[in-house]
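One structure is given here, and the rest of the page talks about it.
The values are calculated or read from the model by the stated rules, or taken from the named source; none is laboratory data. This structure is a prediction, so every number in the text was calculated from the model and none was measured. Note: ideal-geometry Cβ built from the backbone for every residue, glycine included; neighbour counts use all protein chains shown.
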Amino acid sequence: MASKPCTFCQIIEGAVDAVRVYEDDAVVAFLDHRPVFHGHTLLVPKLHVRLLSDLPAERVPHFFTTAQRLERAVESGLDAHGSMILVNNVVSQSVPHLHLHVIPRRFKDGLRFWLGPRHPYRDAEAEDTAERIRRALAEQLG
C-alpha cells in the first residue's frame with residue numbers, strides 16, 4: 001500500500017493551493033487552512049523532515065531567523081498584542097512534516113494555551129526528571 005503524499009510537500013511543489021505569505025529557497029510560510037485566529041501562519045522547511053530534531057543543524061539558524069521575522073510581521077501586520085509560537089513533534093502533529101505555528105494573540109481572545117491540568121513535581125521528582133534530561137543531553141553531545 002502506498003503511503004499518503006505529504007500535504008506540505010504538495011504545497012511546496014504547487015500541487016496543492018495555499019495562501020503563501022513568504023517563500024525562499026529553504027522555507028515557505030502560508031496561512032493555516034484551519035486557523036485558530038485569522039493570521040495563523042505555518043512555517044515549513046522545503047526539505048521534508050518530520051521533526052525539529054530531524055532538521056539538519058546547518059538549516060536550523062535560517063528556519064528560526066525566518067520564524068522571528070514571521071512572528072514580528074504577523075504581530076505588526078495584524079495589530080496583535082503578541083503571538084503563540086508552537087511546534088508539535090508527533091503528538092498533535094496533523095501533518096508529518098516539520099511546521100512551526102505563528103498564531104496571533106490578543107488580550108482576552110479567549111484562548112487558554114494550557115487546556116489540561118498541570119502536574120506539579122512531588123518530592124525528588126524534579127531532580128530525577130532533570131537528571132534524566134541531563135543524561136540524554138550528555139549522550140547527544142558525546
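Screening the stretch 107-142 for residues that are part of a loop (DSSP other than H, G, I, E, B), of a type in the set (D, E, K, R) and without any contact (Cβ under 8 Å) to a residue 60 or more places away in the chain and picking the one that is nearest to Val27 (Cα to Cα) gives Arg112.
Given the criterion of a type in the set (Lys, Arg) and within 23 Å of Arg50 (Cα to Cα), identify the matching residue among Arg105, Arg122, Arg69, Arg118. Steps first, answer last, please.
Numbers: Arg105 fails: within 23 Å of Arg50 (Cα to Cα); Arg122 fails: within 23 Å of Arg50 (Cα to Cα); Arg118 fails: within 23 Å of Arg50 (Cα to Cα).
None of the other options fit; the residue is Arg69.
Just one of the listed residues (Glu131, Glu75, Glu71) is out of contact with any Ser or Thr (no Cβ under 9 Å at 6 or more places or on another chain) and either exposed (fewer than 15 other Cβ atoms within 10 Å of the Cβ) or not β-branched (Val, Ile, Thr) (or both), and it is Glu131.
Among the residues in the stretch 79-94, are any exposed (fewer than 15 other Cβ atoms within 10 Å of the Cβ), assigned to a helix (DSSP H, G or I) and either aromatic (Phe, Trp, Tyr) or more than 13 Å from the chain's Cα centre (by Cα) (or both)? No, the stretch 79-94 contains no residue that is exposed (fewer than 15 other Cβ atoms within 10 Å of the Cβ), assigned to a helix (DSSP H, G or I) and either aromatic (Phe, Trp, Tyr) or more than 13 Å from the chain's Cα centre (by Cα) (or both). Any residue at all in the stretch 3-12 that is closer than 25 Å to Glu75 by Cα, part of a loop (DSSP other than H, G, I, E, B) and among the aromatic types (Phe, Trp, Tyr)? The answer is no, given that none of the residues of the stretch 3-12 is closer than 25 Å to Glu75 by Cα, part of a loop (DSSP other than H, G, I, E, B) and among the aromatic types (Phe, Trp, Tyr). In the stretch 51-68, the residues that are within 15 Å of Asp24 (Cβ to Cβ) and modelled with pLDDT of 95 or more reach residues that are part of a loop (DSSP other than H, G, I, E, B) and not charged (D, E, K, R) with C-beta atoms within less than 6 angstrom, at least six apart or across chains, in these pairs: His62/Ala26.
The single condition from (1) closer than 23 Å to Pro104 by Cβ; (2) in contact with a Lys or Arg (Cβ under 8 Å, 6 or more places away or on another chain); (3) surrounded by fewer than 19 Cβ atoms within 10 Å (Cβ to Cβ); (4) not β-branched (Val, Ile, Thr) that Asp24 fails is (2). Just one of the listed residues (Phe30, Phe64) is outside any strand (DSSP E or B), of a type outside the set (Ser, Thr, Tyr) and closer than 30 Å to Arg106 by Cβ, namely Phe64. Looking at the stretch 35-62 only, could you name the residues that are acidic (Asp, Glu) and under 23 Å from Pro5 (Cβ atoms)? Passing the criteria: only Asp54. Take the conditions (1) β-branched (Val, Ile, Thr); (2) at pLDDT 95 or above; (3) under 20 Å from Ala80 (Cα atoms); Val36 misses just one of them, which is (2).
Can you tell me which residues in the stretch 10-21 are touching a strand residue (DSSP E or B) at 6+ places or on another chain (Cβ under 7 Å) and either crowded, with 18+ Cβ neighbours inside 10 Å or on the phi > 0 side of the Ramachandran plot (or both)?
In the first step, residues of the stretch 10-21 are kept if they are touching a strand residue (DSSP E or B) at 6+ places or on another chain (Cβ under 7 Å); the result is 11-12, 18-21.
Across the stretch 10-21, the qualifying residues are Ile11, Ile12, Ala18, Val21.
Contact annotation: residue pairs with Cβ atoms under 8 Å, 6 or more positions apart or on different chains, pairing a residue in the stretch 21-44 that is under 15 Å from His97 (Cα atoms) with a partner that is in a loop (DSSP other than H, G, I, E, B) and of a type in the set (Val, Ile, Thr), are Phe30/Val19.
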